[in-house]
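These notes concern the structure reproduced below.
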Amino acid sequence: MKFHDNLINYCNNCLMPSSRPRLVFKNNICNACKYKDTRKKVNFKKREEELNKILKKYRSKSGNHDCIVPWSGGKDSSYIAYQLKYKFGMNPLLVTFSPLIPSTVGIHNRNQLVKLGFDHIILNPNKKVSSYLSKRFLIERGNPKVAWDAGINAFPIKVALEKNIKLIFYAEHGESHYGGKVLDKNSEMIRNIDEIYEHQIGDDPINWMDDNVSNKDLMPYLIPNRKTLKKFKIMPLYFAYFDDWDVKRNYEFVKSKIDFKGHINGRSPGTFTNYDSLDDHIDSIYYHFQYLKFGFGRCWRDAARHIQLKKLAKKDAVKLIDNYDNELNEKDLTEVLNFLGISRIEFFEIVESHRNEEIWKKKGNKFELINKLKI
Ligand SMILES: [Zn+2]
């Protein structure tokens, strides 16, 4: 494969397209693949010792919760919760900002882990506001999860402040593991709160006030300011920094401990895997818009990760991407239309308004990428 200017190029190793925001290439290899190579050289025994030292400092002797796990009930955050409690003897509090349209399987999986002996709190934000903001950002940015992203980031931090728990465990640093912009060398260990605005939300939620949304309505989405967090000495860490992180291993581990269920169809909509993003019906719509804007969807993302883990051959990945990347799940779509209060016609108008014409061309009745992936 040769790299061309002004076209989508593909990583020679994992096939991830250059249209992924902030992905950096060197010699036709993406920085997620480069990062995976550096991880192979890490001594995880030493990293575990490093973690033990930190935990010793924060472990509660009085029985209070001593760390927070922002928890979706998915394989990764459940793996972290289990390890912290049963391997490292911590007393974690699991904190969830509710999915926009919770799925039955997501609720089931959360209940299973709580039954294993965890304390859990969940915030169900005002549905009128979350639906309004979701619709607004779907139209404006082709992303129905902008406000939700702010909420899942804000809520665990607020709980930390409120309950005086300084230690928070996130999963992995996405920009390092999956390619992107790494702000500083500590980024893969300590979470840089500024990245939330810069990479995930795009702006400060306080700017979202309008005729329909007041500052009170925005309360669940506002992240405490940097000065407050510095004074509080918050310690937001990525568990994956200390652990030989493997999402498939996390899934198998959690499945061995609880009755963890996958999608009812045997695979998640839009992909071949069945262990990720199971808890929210809006996810398959979110990935579909990513596909329209950047040319790759959920299947492509999963395929790239599996190639990196040497669990999938490139030629098989191409077939899977062809089969599933453009798939829109009917049940999810119906749920989302009800949640947003829009018609199918309106929805597909929004879809077409976000199709990136620089990367898509029409061929007959179908669209295909201008620089199609070929092996
Ligand atoms: Zn790559």
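The values are calculated or read from the model by the stated rules, or taken from the named source; none is laboratory data. Keep in mind it's a predicted model, so treat the numbers as computed, not measured. Cβ: placed from backbone, ideal geometry, glycine included. Neighbour counts: every protein chain shown.
A few comments on the model shown:
- All told, SER214 meets the bar of being at pLDDT 90 or above and of a type in the set (Ser, Thr, Tyr).
- Residues in segment 135-145 that are crowded, with 23+ Cβ neighbours inside 10 Å and of a type outside the set (D, E, K, R): LEU138, PRO144.
- Residues in segment 221-263 that are over 29 Å from GLY202 (Cβ atoms) and of a type in the set (A, V, I, L, M, F, W, C): PHE242, PHE253, VAL254, ILE258, PHE260.
- Where helices (runs of 4 or more DSSP H) sit wholly within segment 283-375, those with at least 3 residues that are hydrophobic (A, V, I, L, M, F, W, C) and surrounded by 18 or more Cβ atoms within 10 Å (Cβ to Cβ) occupy 283-294, 298-308, 314-324, 330-340.
- Subset of segment 291-305 [within 12 Å of the ligand (Cβ to nearest atom) and of a type outside the set (Phe, Trp, Tyr)]: ARG301, ALA303, ALA304, ARG305
- Close pairs from segment 332-352: first at pLDDT 95 or above, partner in a helix (DSSP H, G or I) and among the aromatic types (Phe, Trp, Tyr), Cβ under 7 Å, at least 6 apart: LEU337/PHE347
- Segment 20-43 residues that are without any contact (Cβ under 8 Å) to a residue 40 or more places away in the chain and within 24 Å of ASP244 (Cβ to Cβ), paired with ones that are near the ligand (Cβ under 9 Å from one of its atoms) and assigned to a loop (DSSP other than H, G, I, E, B) (beta carbon under 8 Å, 6 or more apart): ILE29/CYS11; ILE29/ASN12; ILE29/ASN13
- Segment 162-214: number of residues that are among the hydrophobic types (A, V, I, L, M, F, W, C) and more than 24 Å from LYS34 (Cα to Cα): 10
- Residue match in segment 38-51 (condition: surrounded by 18 or more Cβ atoms within 10 Å (Cβ to Cβ) and touching a helix residue (DSSP H, G or I) at 6+ places or on another chain (Cβ under 7 Å)): yes
Residue by residue, here is whether (1) among the small types (Gly, Ala, Ser); (2) assigned to a loop (DSSP other than H, G, I, E, B) holds:
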residue	(1), (2)
ILE206	no, no
VAL213	no, yes
LYS216	no, yes
PRO236	no, no
ASN250	no, no
SER256	yes, no
ASP259	no, yes
GLY262	yes, yes
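- In segment 32-44, the condition of being at pLDDT below 95, touching a His at 6+ places or on another chain (Cβ under 9 Å) and hydroxyl-bearing (Ser, Thr, Tyr) is met by at least one residue.
- Hey, ASN31 among the polar types (S, T, N, Q), within 16 Å of the ligand (Cβ to nearest atom) and at negative phi or not: yes
- Boolean, LEU55 is more than 16 Å from the ligand (Cβ to nearest atom), assigned to a loop (DSSP other than H, G, I, E, B) and touching a residue at least 24 places away in the same chain (Cβ under 8 Å): no
- Qualifying positions in segment 13-28 - away from the ligand (no atom under 11 Å from the Cβ) and among the charged types (D, E, K, R): ARG22
- Here segment 273-282 is the region considered, the condition is being assigned to a loop (DSSP other than H, G, I, E, B) and at pLDDT 95 or above, and the residue that is farthest from the ligand (Cβ to nearest atom) is HIS281.
- Taking the criterion of being over 30 Å from ASN13 (Cβ atoms) and over 19 Å from the mean Cα position of the chain (by Cα), no residue of segment 179-203 qualifies.
- Residue within segment 20-32 that is among the aromatic types (Phe, Trp, Tyr), surrounded by 13 or more Cβ atoms within 10 Å (Cβ to Cβ) and under 30 Å from GLU358 (Cα atoms) present: yes
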